[in-house]
Amino acid sequence: MGIKQAISNLAARAVLAALDSSRKCQAAGLKLIAGDTKENVEYIEPYGFTSTAHAGAEAVVLFPSGDRSHGVVISVSDRRYRLKGLKSGEVAVYTDEGDSIVLKRGRVTEITTSELVINAESKISLNAPQLVVNASSGVSFTTPTITTSGDFSAAGEVSDGVGTLSAIRTTYNGHKHTAQGETAETTGSSASMG
């Protein structure tokens with residue numbers, strides 16, 4: 001093979017036909033220009049990141065020394081699903097189903113998904129001056145206790161397995177009893193629960 005041909009064979013664009021993600025290093029089936037196909041081409045990914053693209057995604061393949069018998073996929077992209085409209089400097093991770101994590105300008109991170117599950121073996125810590133939760137249908141905790149270091153306030157009713165705070169308040173404010181050693185009934189507590 002001459003030098004000119006070796007140089008022209010160093011890199012190629014390809015279309016992904018298949019991707020085997022069961023191996024330690026993913027193996028790609030590729031369609032190159034002029035109908036040339038390659039099977040079991042190693043897909044080298046950055047440390048800590050992995051993805052399995054759909055058939056039809058585009059790839060860049062390197063062929064060391066221009067030898068087309070052994071290639072290495074160094075990049076796979078799929079313009080069909082790429083997030084569009086990011087501002088300069090923004091970074092995103094996304095899927096074809098519309099899930100995304102976007103590191104936006106102004107140091108805002110936006111997560112978009114249908115269901116978010118966080119698994120931690122030891123602890124989850126949220127550290128912020130303020131935490132706002134907007135849950136239109138409710139919030140549920142499955143835990144033996146909830147502890148707060150400060151006050152707890154509620155705009156609505158507070159209840160437990162026995163009754164409600166408003167029912168306790170009504171009972172307390174309306175109670176009457178006979179004082180010890182007296183025959184007349186008292187009118188209740190001098191201090192109301194509000």
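Being farther than 30 Å from residue 12 by Cβ, assigned to a strand (DSSP E or B) and open to solvent by 80 Å² or more (accessible area, probe 1.4 Å) is true of residue 111. Looking for something open to solvent by less than 60 Å² (accessible area, probe 1.4 Å), without any contact (Cβ under 8 Å) to a residue 60 or more places away in the chain, within 30 Å of residue 36 (Cα to Cα) and more than 17 Å from the chain's Cα centre (by Cα) - is there at least one such residue anywhere in the range 77-100? Scanning the range 77-100, I find at least one residue that is open to solvent by less than 60 Å² (accessible area, probe 1.4 Å), without any contact (Cβ under 8 Å) to a residue 60 or more places away in the chain, within 30 Å of residue 36 (Cα to Cα) and more than 17 Å from the chain's Cα centre (by Cα), so the answer is yes. For residue 164, the criteria (1) under 30 Å from residue 87 (Cα atoms); (2) open to solvent by less than 80 Å² (accessible area, probe 1.4 Å) hold in every case but one, which is (1).
The values are calculated or read from the model by the stated rules, or taken from the named source; none is laboratory data. These figures come from a predicted structure and were not determined experimentally. Counting neighbours? That spans all protein chains shown, and the Cβs are built from the backbone with ideal geometry, glycine included. For accessibility, only protein heavy atoms count, side chains too; no ligands or nucleic acids. Shrake-Rupley method; radii C 1.70, N 1.55, O 1.52, S 1.80 Å.
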